[in-house]
Amino acid sequence: MTPFDFLQIFSTGGTIDKIYFDASSEYAVGEPQIQAVFREAGVTFGFGVCSLMRKDSLEMNAADRERVRSAVAACEHRHILITHGTDTMTETAAVLTEVAREQGKVIVLTGSMAPARFRQSDAEFNIGCAVGALNACGPGVYIAMSGHVFEAGRVRKNRGAGRFEAL
């Protein structure tokens with residue numbers, strides 16, 4: 001596999017981009033955090049970030065998934081990273097499989113169990129794992145979480161254990 005020169009990132013929101021409001025003791029989805037993660041990591045490849053929405057994945061619906069699918073299908077780049085909430089990540093991955101197959105794209109979805117802004121977050125690790133998967137995997141749709149890379153359709157979120165597992 002040849003490493004990519006440019007990575008297109010689509011952000012949908014989710015825990016990875018959540019911010020904490022002290023006044024109301026609630027979370028809200030904020031700006032995509034991946035640019036800060038890449039800046040701090042000193043990545044040397046080109047990338048672009050497009051925020052498609054700022055939603056918790058439990059609030060995403062079929063129209064939102066179609067918006068993601070359309071953006072990926074229209075994207076001129078072969079390597080695509082999608083930051084996404086973990087609760088419905090597998091559903092969005094399923095919607096993207098036909099695009100990956102038809103266009104030969106490598107698409108990796110990732111997110112986190114704790115916001116990227118938090119000191120103790122899995123966000124940076126998951127993003128790094130996703131970038132590695134984008135460099136190593138062939139065309140298809142994958143989910144990169146907790147040090148594992150799963151093919152779309154062969155993974156589920158185990159909410160009780162707080163992790164993703166192969167089916």
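The values are calculated or read from the model by the stated rules, or taken from the named source; none is laboratory data. Since this is a predicted model, take the numbers as computed values, not measurements. Here the Cβ positions follow ideal geometry from the backbone for every residue, glycine too, while neighbour counts run over all protein chains shown.
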Positions within region 31-68 being more than 21 Å from F4 (Cα to Cα) and in a helix (DSSP H, G or I), in sequence order: S57, L58, E59, A62, A63, D64, R65, E66, R67, V68
Checklist (1) surrounded by fewer than 21 Cβ atoms within 10 Å (Cβ to Cβ); (2) under 19 Å from C137 (Cα atoms) applied to D87, failing item: (2)
Hey, R54 closer than 23 Å to G153 by Cβ and of a type in the set (D, E, K, R) or not: no
Residues within region 143-167 that are part of a strand (DSSP E or B) and either loosely packed, with under 12 Cβ neighbours inside 10 Å or of a type in the set (D, E, K, R) (or both), tallied: 7
Pairs with Cβ under 9 Å, 6+ apart, first in region 34-48 and within 17 Å of Q8 (Cβ to Cβ), second exposed (fewer than 13 other Cβ atoms within 10 Å of the Cβ) and of a type in the set (A, V, I, L, M, F, W, C): F45/F6; G46/F6; F47/F6; G48/F6
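Rundown of residues vs (1) within 25 Å of G138 (Cα to Cα); (2) crowded, with 18+ Cβ neighbours inside 10 Å; (3) acidic (D, E), yes/no style:
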| site | (1), (2), (3) |
| --- | --- |
| I16 | no, yes, no |
| E31 | no, no, yes |
| G46 | yes, no, no |
| N61 | no, no, no |
| R65 | yes, yes, no |
| R69 | yes, no, no |
| I80 | yes, yes, no |
Enumeration of residues in region 99-119 that are surrounded by fewer than 22 Cβ atoms within 10 Å (Cβ to Cβ) and either of a type in the set (F, W, Y) or in a strand (DSSP E or B) (or both): F118
Tabulated pairs, region 106-121, first closer than 16 Å to G132 by Cα, second basic (K, R) and at pLDDT 75 or above, C-beta under 7 angstrom, 6+ apart or interchain: V106/R78
